[in-house]
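The values are calculated or read from the model by the stated rules, or taken from the named source; none is laboratory data. What you are looking at is a predicted structure, and each value in this text was computed from that prediction instead of being measured. Note that we place each Cβ from the backbone using ideal geometry, even for glycine, and neighbour counts take in every protein chain shown. Side chains included, ligands, DNA and RNA excluded: accessible areas come from the protein's heavy atoms. Shrake-Rupley method; radii C 1.70, N 1.55, O 1.52, S 1.80 Å.
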Amino acid sequence: GVPKGIVVTQRNICHFLRSANAFYGLRQDDIVFQGASVAFDLSMEEIWIPLMVGATLFVASPAMIGDVERLPDLLAGAGVTVIDTVPTLLSMLSREVRTLRVILLGGEALPAPLVARWATPGCRLFNTYGPTEATVVATACEAKPGEVVTIGRPIANYTAYVVSEAGTICGEGEQGELWIGGPGVAQGYLKRPELTAEKFVRNPFDATGSDPVLYRSGDAVSLTADGQLAFHGRIDDQVT
């Protein structure tokens, strides 16, 4: 396909950083593993939340990340307390890392066995979801062993609507498209006004004007009985 440039502002990023860490709880005494390329929007979370709270970054080289067998010893030896990665990489670690207290996961579906293995009394595991168009992460939950894995609820000041093909809000258990609102919603696509108009739409559900624009994610979700968002995949053929 054709790559899309997304106009994310400094305001979008600053709002996201504060909202996300209100949920994650990273602290000044944390040591955070930094392995994502700065071309990947995950790096905004991985770099700037730690620096915002005065934590320490452990900047990894490609060779370190590529040596999965040695990675647990590397993390433990550096005293890393927070890792922000994808489920695939976490699943490749052959042994536990006792220094970890927070694991942030996103970008892929989170398998329940991985939750059972890594979410322990001493380590909190968060499953996050968010397109770049909504600035890195829009919803999250703390995943716990024995519980159904979802993409959680909107983080602070974000909004989420499950919308039917008819443009109405879906009821509990009914699949629809996830529309995302809040100060994290980007300005649109770079030099692609038609696509911007299609995906960034006026909010028909808010009469106050406080949440004027929603991003149509193209992702199919449903609302669970306890208000969590269950993810069901794409409603189109976009590669995620």
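Tabulated data
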read-out	value
Rg and Dmax of the range 86-218, Cα atoms only, in Å	17.2, 52
Sites matching chymotrypsin sites (Phe, Trp or Tyr not before Pro) across the range 1-100 that sit in DSSP coil, with at most 14 neighbouring C-beta atoms within 10 Å	PHE40
The chain, Cα convex hull volume normalised per residue, Å³	134 Å³
Dipole magnitude of the range 41-86, debye to nearest 20 (Cβ charges: Lys/Arg +1, Asp/Glu -1, about Cα centre)	140 debye
Value at 222 nm in deg cm²/dmol, rounded to 500, when DSSP H runs of n ≥ 4 in the chain each add -39,500 (n - 2.57)	-7000 deg cm²/dmol
GNM result for the chain, Cα springs below 10 Å: residue of ALA138, ALA230, ALA166 fluctuating most strongly	ALA166
Rounded, prolate or oblate (a/c below 1.5 giving rounded, otherwise prolate when a/b exceeds b/c) for the range 1-50 by Cα gyration tensor	oblate
In the range 142-240, the trypsin sites (Lys or Arg not before Pro) that fall in loop regions by DSSP, at most 13 other Cβ within 10 Å	LYS191
Sequence-distant lysines (8 or more away, or on other chains) whose Cα lies within less than 18 Å of LYS191	LYS4, LYS199
Residue of GLU96, GLU142, GLU133 that the Gaussian network model of the chain assigns the largest fluctuation, springs spanning Cα pairs under 10 Å	GLU96
Antiparallel DSSP beta bridges within the chain, percent to nearest 5	65 percent
Mean separation of Cα contacts under 8 Å (6+ apart) over length of the chain, as relative contact order %	17 percent
Fraction of accessible area attributable to carbon and sulfur, the range 1-76 (%, probe 1.4 Å)	60 percent
Kyte-Doolittle mean at least -0.5, axial Cα span of 15 Å or more - DSSP H helices of the chain	10-24, 42-53
Top of VAL102, VAL213, VAL59 by mean-square fluctuation, Gaussian network on the chain, Cα under 10 Å	VAL59
